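Heads up: the structure comes next, in structure tokens.
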Amino acid sequence: WWSQVTFAIAFVLCGLCTTSLVFAQTTRTWTGAGDGTNIASAANWGGILPVSNDGDVAQFDGVVAGDLKLSYVSGLPGTDNDTDTNALTWALTANQTGSVTITTPFGLSAYLVMGNIHVAAGAGALTFEDPLSSKTLQLMARPTGAIHDWINESTNPVTVTPRVRWYSQGGAHWTNRFSGAGDWQINNYFVTHEGWNTFIVVNGPGTVYWNPSGALDIYTIGSPITINGGNLILQNAHPRISDQQILNGARFGFDAPGAAQTLSGTITGPGEIRVSNGTLTLSGANTYTGGTV
């Protein structure tokens, strides 16, 4: 009887050990070359591709000197099934002083999971782009309810350009949480093409500069928009922002020459509203106490 119990316990423990090994987070460091190099080739990650479902870290650590302009068509595993706990993290360490740009030579790339981003102090600029109107880099940020932590501690910005399209699939909504001392340049509407609402949280102390442009997809920005610290500065009118509640704990800015934006949702909190250029109309029952400049 005791030997049977011992065997049962050993079997369960063995199963637990196997599971923990399968889902263990692993750091994969970029070893490939620069211009045009395929990010979906295992040879460019020391022989093993990073896997989003396992919570891997795709790390750029200065192994390859200079600026890196990398290419994605398809081929990274687990690109449509990351979770908030196992999401793929894209990381630039302090050793990665050159910039990293991810683009595509294709009309539509396959989905590339963009779970978390960690850019260390001293790192170069990180950019998701395609400069050609005929090319689109498709980023996947699912599943429903996932919180994606984007942290930039560098003096160089993280940039998302207009030719980036967001997917979440299956009616999934997700939260993008911007943190760190560094800045963000979001030249994109930041709404999903297939999914549901995108929720925005700004923790700061850096600034999110938001210049909405590119392809305007059908979904919207969720409510509330939360500003816990730093600044959220809208640099153009956003047709999917109107009646959302804004929890303003720091500063909401409008700096859009020649543009006009109406906010009909309630703005609350101790933060400031600052208009540098353009026309901002507030029509909600606002209670924010930080003043209007």
Query raised in the report: Looking at S133, V160, A123, which one has the Cα that reaches farthest to the positive end of the dipole of region 118-169 (charges on Cβ: Lys, Arg +1; Asp, Glu -1)?
Result: S133
Report summary line: Here the net charge surrounding Y219, from other residues whose Cβ is less than 10 Å away from its Cβ (Lys, Arg +1; Asp, Glu -1), is -1
Report task. Pull out a ≥ b ≥ c, the square roots of the eigenvalues of the alpha-carbon gyration tensor of region 85-212, then state rounded if a/c is under 1.5, prolate if not and a/b is larger than b/c, and oblate in the remaining case. Result -> oblate
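Apply the a/c threshold of 1.5 to the C-alpha gyration tensor of region 132-285 and tell me whether it is rounded, prolate or oblate.
Numbers: a/c = 1.34, a/b = 1.28, b/c = 1.04.
In terms of gyration-tensor shape, rounded.
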Query raised in the report: Which angle from 0 to 90°, rounded to the nearest 10, does the C-alpha axis of helix 2-22 make with the longest principal axis of the chain?
Result: 50
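Let me know the shape class of the chain, please: from the alpha-carbon gyration tensor, a ≥ b ≥ c as square roots of the eigenvalues, rounded when a/c is under 1.5, otherwise prolate if a/b is greater than b/c, or oblate.
Details: a/c = 2.03, a/b = 1.49, b/c = 1.36.
Prolate shape, in that a/c is at least 1.5 and a/b is the bigger ratio.
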Query raised in the report: Leaving out ligands, DNA and RNA, what percent of the accessible area of region 156-293 is carbon and sulfur, probe 1.4 Å?
Result: 48
Report summary line: Cβ-Cβ cut-off under 15 Å around A123, Lys and Arg +1, Asp and Glu -1: the net charge is -4
Requested in this report: Let me have the 222 nm mean residue ellipticity of the chain computed from DSSP H runs of 4+ only, each contributing -39500 (n - 2.57), with the sum over all residues rounded to the nearest 500.
Outcome: -2500 deg cm²/dmol
Requested in this report: Net charge near W150: determine it from the other residues with C-beta under 12 Å of the C-beta of W150, scoring Lys and Arg +1 and Asp and Glu -1.
Outcome: -2
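The values are calculated or read from the model by the stated rules, or taken from the named source; none is laboratory data. Just so it is clear, the structure is predicted and the values come from calculations on it, not from any experiment. Every residue, glycine among them, receives a Cβ derived from its backbone with ideal geometry; neighbour counts consider all protein chains shown. The protein model used for the area step is the full one, side chains on, heavy atoms only, and it has no ligands, DNA or RNA in it. Shrake-Rupley method; radii C 1.70, N 1.55, O 1.52, S 1.80 Å.
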